[in-house]
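The values are calculated or read from the model by the stated rules, or taken from the named source; none is laboratory data. These numbers were taken from a predicted model, which means no experiment stands behind them. Positions of Cβ are generated from backbone atoms using ideal geometry, with glycine treated the same way; all protein chains shown enter the neighbour counts. Each accessible area value is taken on the protein alone, full model and side chains, heavy atoms only, with ligands, DNA and RNA left out. Shrake-Rupley method; radii C 1.70, N 1.55, O 1.52, S 1.80 Å.
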Amino acid sequence: MDRALDGIRVLDMTHVQSGPSATQLLAWLGADVVKLEAVTGDITRRQLRDVPDADSLYFTMLNCNKRSITLNTKTPRGKKLLTELIRRSDVLVENFGPGAVDRMGFPWERIREINPRIVYASIKGFGDGPYTGFKAYEVVAQAMGGSMATTGFEDGPPLATGAQIGDSGTGVHCVAGILAALLQRTRTGRGQRVNVAMQHAVLNLCRVKLRDQQRLAHGPLAEYPNEDFGDEVPRSGNASGGGQPGWAVKCAPGGPNDYVYVIVQPVGWRPLTELIGRPELAEDPEWATPEARLPKLSKMFQLIEEWSTTLPKWEVLERLTAHDIPCGPILSTKEIIEDASLAANGMVVEVEHPQRGTFTTVGSPLKLSDSPVDVHRSPLLGEHNAEVYGDELGLDGAELERLKAEGVI
């Protein structure tokens, strides 16, 4: 079946997580993604290994559905081959440090000269300014994008979120930019630069906190459970911070993930009071309205928790959903990887790998009716050298052997 990005060739010069997460999404959408690696390979092939002499899960879970070639871009022959690869590609994606591709001899002006239709996407840690030269890591981006300052409990330190919003979050933003540039190319015939900074992507995901920063000028934030407010948005634990208050309440038997997150909507208050055995609170003027409850959010969720701690989380979930009360159990990583519904939806998939055997990975969250996704294993290092350099660029077997012996591929 034809897929959304069939016919689009992506030259993937990315490594670690932010770039590979973007190019994997493009591959799942149907693009031919050719991962160009140094002769030694993407560093994550060897990081966090759990199986000796096999590509790590770190690598395999971020590089499915791609082809792999190796190239030493510091050699004259390597530069010529890279030039030809650029000429034949629709998209080039890289996440090297600032200026690294320029120092290879391929600044944007040169790349555009080689291929005026190419979309050249770069992921960096920061935009132009005092932070440009900073080394970018997942949690550094969270720290400088507004996430850590607003994550955690009021009396505790700033915390990182387990979601990789700095790396994979930036990758998703990059995909959006690439797709927009490809669409614009259909009208103009020209490629263009796409620049995405990790700090900027995290900030975009934290926009509601900047909303609340401005609301603070007009007084305390009633939707937050905090008692004291200064001149910046505080950490507020598990509070939703939105229009409807929410909190994670404990359940039996009290394990680390025996919690259900509960949202208290106005229409849900009466059935909640009945569930927790306090029906009188539905009519009590001190509790009956959202305005009356807002100053007492901590007490409100304490009352709900006194009930929820007597039941396992799945029973709490069943009773709440029976009354259309928005809620969700806190699912551990073990529960997620064993969740039959996620497997049925193609979000937790089993993949065969020649070195590892079977491994579990995350499937595509993008569901297009006319562009189905089959998740295929990540490539072995240089697995497609002969296919790309030989069959597609026309190098014969003897030259391939010579390039390999000389360390070019």
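Over the Cα atoms of segment 96-192, what Rg and Dmax result, in angstrom?
Gyration radius and largest Cα-Cα distance of segment 96-192: 17.2, 56 Å.
Suppose a student asked you for the relative contact order of the chain, using Cα pairs under 8 Å spaced at least 6 residues apart; what percent would you report?
Relative contact order, the chain: 19 percent.
Of all accessible surface on segment 295-409 at a 1.4 Å probe, what whole percent is carbon and sulfur?
53 percent
Given H placed 1.01 Å from N in the peptide plane, which residues other than close sequence neighbours of S68 have an amide H under 5 Å from its amide H?
Correct list: K35, E383, H384.
List, in order, the whole-Hz ³J(HN,Hα) value for each residue of segment 279-288 obtained from phi through the Karplus relation with A = 6.51, B = -1.76, C = 1.60 and θ = phi - 60°; use x for Gly and Pro.
Per-residue couplings from phi come out as x, 5, 5, 5, 10, 5, x, 6, 9, 6 Hz.
With Kirkwood's inverse mean 1/r over C-alpha pairs for Rh, give me the Rg to Rh ratio of segment 263-330, two decimals please.
That ratio is 0.94, to two decimals.
Angle, helix 297-308 long axis vs. longest principal axis of the chain, Cα atoms, 0 to 90°, nearest 10?
90 degrees
Before I look further, what does segment 302-409 give for accessible area per residue, probe 1.4 Å, in whole square angstrom?
The answer is 57 Å² per residue.
Which order do the peptides 56-65, 303-312 take when ranked by the mean count of other beta-carbon atoms within 10 Å per residue, highest first?
For the peptides 56-65, 303-312, the packing ranking is 56-65, 303-312.
Set the Förster radius R0 to 35 Å, insert the Cβ-Cβ distance between R77 and Q355 as r into 1/(1 + (r/R0)^6), and round the FRET efficiency to 0.05.
Result of the calculation: an efficiency of 0.75.
Could you name the aspartates and glutamates whose alpha carbon sits less than 14 Å from that of K135, not counting residues in the same chain fewer than 8 places away?
D167
Kindly rank 198-207, 247-256 from highest to lowest mean number of other beta carbons found within 10 Å of each residue.
Taking the mean over residues of other Cβ atoms within 10 Å, the ranking is 198-207, 247-256.
Please state, rounded to one decimal and in Å, the Kirkwood hydrodynamic radius that the chain gives when every pair of distinct Cα atoms enters the mean of 1/r.
24.3 Å
Got the relative contact order for segment 214-356 handy, in percent, Cα pairs under 8 Å and 6 or more residues apart?
24 percent
Going by amide H atoms built from the backbone, whose H comes under 5 Å of the H on A121, apart from near neighbours?
Excluding prolines and chain starts, which carry no amide H, the hits are L92, V93, E94, V194.
Please list, in order along segment 176-187, the HN-Hα scalar couplings obtained from phi with the Karplus expression 6.51 cos²θ - 1.76 cosθ + 1.60 (θ = phi - 60°), rounded to whole Hz, x for Gly and Pro.
Each residue's phi maps through the Karplus curve to give 4, x, 5, 5, 5, 5, 5, 5, 5, 4, 5, 9 Hz.
Past 28 Å, Cα to Cα: identify those pairs from K334/K367; K35/K209; K79/K124, in the order given.
Over 28 Å apart, Cα to Cα: K35/K209.
Apply the Karplus curve 6.51 cos²θ - 1.76 cosθ + 1.60, θ = phi - 60°, to the phi angles in segment 329-341 and return the couplings in whole Hz, x for Gly and Pro.
Ordered by residue, 3J(HN,Hα) equals x, 6, 8, 6, 4, 5, 5, 5, 5, 9, 6, 5, 5 Hz.
May I ask for the percentage of alpha-carbon pairs in segment 17-83 that lie more than 14 Å from each other?
Summing the P(r) of segment 17-83 above 14 Å gives 62 percent of all pairs.
Once the Cα atoms of helix 76-87 and of the chain are each reduced to a long axis, what angle between those two axes, in degrees from 0 to 90 to the nearest 10, is obtained?
Tilt of helix 76-87: around 60 degrees.
Rule-of-thumb check for segment 283-409: C-alpha Rg over 2.2 N^0.38 Å?
1.98
With the cut-off at 1.5 for a/c, could you classify segment 1-115 from its C-alpha gyration tensor as rounded, prolate or oblate?
Because a/c hits 1.5 or more and a/b fails to exceed b/c, segment 1-115 counts as oblate.
Can you tell me which of 67-73, 37-43, 24-30 comes out highest on packing, and rank the rest after it, using the mean Cβ neighbours within 10 Å?
24-30, 67-73, 37-43
Convex hull over the Cα atoms of segment 1-45, averaged projected area in nm²?
Spelled out: convex hull of the Cα atoms, projected over all directions, averaged, 3.3 nm².
Give me the aspartates and glutamates in straight-line cross-link reach of K250: C-alpha distance below 14 Å, same-chain residues under 8 apart excluded.
K250 reaches D258, E305, E306, E315.
Tell me, rounded to the nearest percent, the portion of alpha carbon pairs in segment 128-279 spaced more than 29 Å apart.
37 percent
Quick one: angle between helix 18-28 and the longest Cα principal axis of the chain, in degrees between 0 and 90, rounded to 10, please.
Approximately 80 degrees, to the nearest 10.
Just how many % of Cα pairs in segment 52-125 lie over 22 Å apart, if you round to the nearest whole percent?
Counting pairs separated by more than 22 Å, the tail of P(r) holds 31 percent.
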